[in-house]
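Take a look at the structure set out below.
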Ligand SMILES: [Zn+2]
């Protein structure tokens, strides 16, 4: 499958309005879009049979807000990525000069160990996280096989839907596990034998902070925490799940244990939030996290209870994507 056949199949199966299809070739986004497309297509190809999700289409849409969507329609699975998501991730991480300069100035001792700039790594982590999240939705849809679409962008007018909030949380969990193993690979590759507690932790903190920013960007009003409203859990609740899953995975890693590195869950999580605040204070990111955290700290018990309930919530019509993913790794 190449992008031409992708477009052809999308039209044939009526997966998308023809006018919404974005053909990245010959545009300023060609390089970034092509690279990401190849990564996603390869992963889809490798997994079509394992998860019974053939055919699956990957298509870009020509909208400039940061959004993505998973769909099941006409016996066809599809992942739709707005070109705006690629552009925003490039602007926020890959081509964010002030971020690079800030890291260079404050953390040059650690930064100099990387082969690639860590902001490029952050771009990969954010875009790949979105892919794995959408991929998880395809696994979920496979059981029910009824027309459904799930969008990532927060819609203020959407009504509470517990099933959808569970599906979102379940997709975030799969994406976190997948990304945690990528982060471990990056650390292994970047530092080799020079790996230390400090540089491993710092890599995790930067990448988790960028992921936190990426999730926060799906919402316009971060400080106002809600529970039983809307189709998506509040982004701050999502990033709680995501960061804790990633850090928990790395905490259990045999590779780190062999190297004598101890990723302490609570400590590293707190450092991620502190570092994020530091980035906001220095105008690298602008998502009002400080205000959100002040609100969240008053509601810690509610957040943990609510998310625990959502994770456990038994949705029988759809596959549990995490369960299916773990089966494939046994
Ligand atoms: Zn989703």
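The values are calculated or read from the model by the stated rules, or taken from the named source; none is laboratory data. This is a predicted model, so every value here is computed, not measured. Every residue, glycine among them, receives a Cβ derived from its backbone with ideal geometry; neighbour counts consider all protein chains shown.
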**Message:** Among the residues of the range 168-208, what is the count of those that are within 16 Å of the ligand (Cβ to nearest atom) and either loosely packed, with under 15 Cβ neighbours inside 10 Å or more than 17 Å from residue 308 (Cα to Cα) (or both)?
**Reply:** 4
**Item:** Subset of the range 260-269 (residues that are part of a helix (DSSP H, G or I) and under 15 Å from residue 196 (Cβ atoms))
**Value:** 268
**Prompt:** If you go through the range 28-51 one residue at a time, do you hit one that is within 17 Å of residue 10 (Cα to Cα), within 16 Å of the ligand (Cβ to nearest atom) and assigned to a loop (DSSP other than H, G, I, E, B)?
**Reply:** no
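Being within 13 Å of the ligand (Cβ to nearest atom), buried (at least 23 other Cβ atoms within 10 Å of the Cβ) and farther than 20 Å from residue 48 by Cα narrows it down to one residue among 140, 165; which is it? I'd like the intermediate steps shown before the answer.
On the way: 140 fails: farther than 20 Å from residue 48 by Cα.
Only one candidate passes the filter, namely 165.
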**Fill in**
If we keep only residues of the range 209-259 that are out of contact with any helix residue (DSSP H, G or I) (no Cβ under 9 Å at 6 or more places or on another chain) and assigned to a helix (DSSP H, G or I), then the residue nearest to the ligand (Cβ to nearest atom) is 254
**Every pair of residues 6+ apart whose Cβ atoms lie under 7 Å, when the first sits in the range 167-193 and is under 30 Å from residue 317 (Cα atoms) while the second is away from the ligand (no atom under 16 Å from the Cβ) and in a helix (DSSP H, G or I)** = 176/246; 177/249; 179/125; 179/246; 180/246; 180/249; 180/250
**Message:** Within the range 52-70, take every residue that is part of a loop (DSSP other than H, G, I, E, B) and within 16 Å of the ligand (Cβ to nearest atom) and give me the one that is nearest to residue 137 (Cα to Cα).
**Reply:** 53
**Fill in**
Of (1) in a helix (DSSP H, G or I); (2) touching a residue at least 60 places away in the same chain (Cβ under 8 Å); (3) under 14 Å from residue 321 (Cβ atoms); (4) within 12 Å of the ligand (Cβ to nearest atom), residue 132 satisfies every one except (2)
**Prompt:** Quick one: is residue 4 under 21 Å from the mean Cα position of the chain (by Cα) and without any contact (Cβ under 8 Å) to a residue 60 or more places away in the chain?
**Reply:** no
**Asked** From the list 145, 153, which residue is within 16 Å of the ligand (Cβ to nearest atom), over 16 Å from residue 99 (Cβ atoms) and out of contact with any helix residue (DSSP H, G or I) (no Cβ under 9 Å at 6 or more places or on another chain)?
**Response** 153
**Prompt:** Of the residues 167, 150, 174, 138, which single one is outside any helix (DSSP H, G or I) and within 19 Å of residue 322 (Cα to Cα)?
**Reply:** 150
**Message:** Just checking, does the range 75-90 include any residue being within 16 Å of the ligand (Cβ to nearest atom), part of a helix (DSSP H, G or I) and in contact with a helix residue (DSSP H, G or I) (Cβ under 6 Å, 6 or more places away or on another chain)?
**Reply:** no
**Message:** So for the range 100-107 (the condition being modelled with pLDDT of 95 or more, more than 18 Å from residue 148 (Cβ to Cβ), in a helix (DSSP H, G or I) and touching a strand residue (DSSP E or B) at 6+ places or on another chain (Cβ under 6 Å)), does at least one residue qualify?
**Reply:** no
**Asked** Here are 35, 54: which of them is under 19 Å from residue 3 (Cα atoms), out of contact with any strand residue (DSSP E or B) (no Cβ under 9 Å at 6 or more places or on another chain) and free of Cβ contacts under 8 Å to residues at least 60 places away in the same chain?
**Response** 35
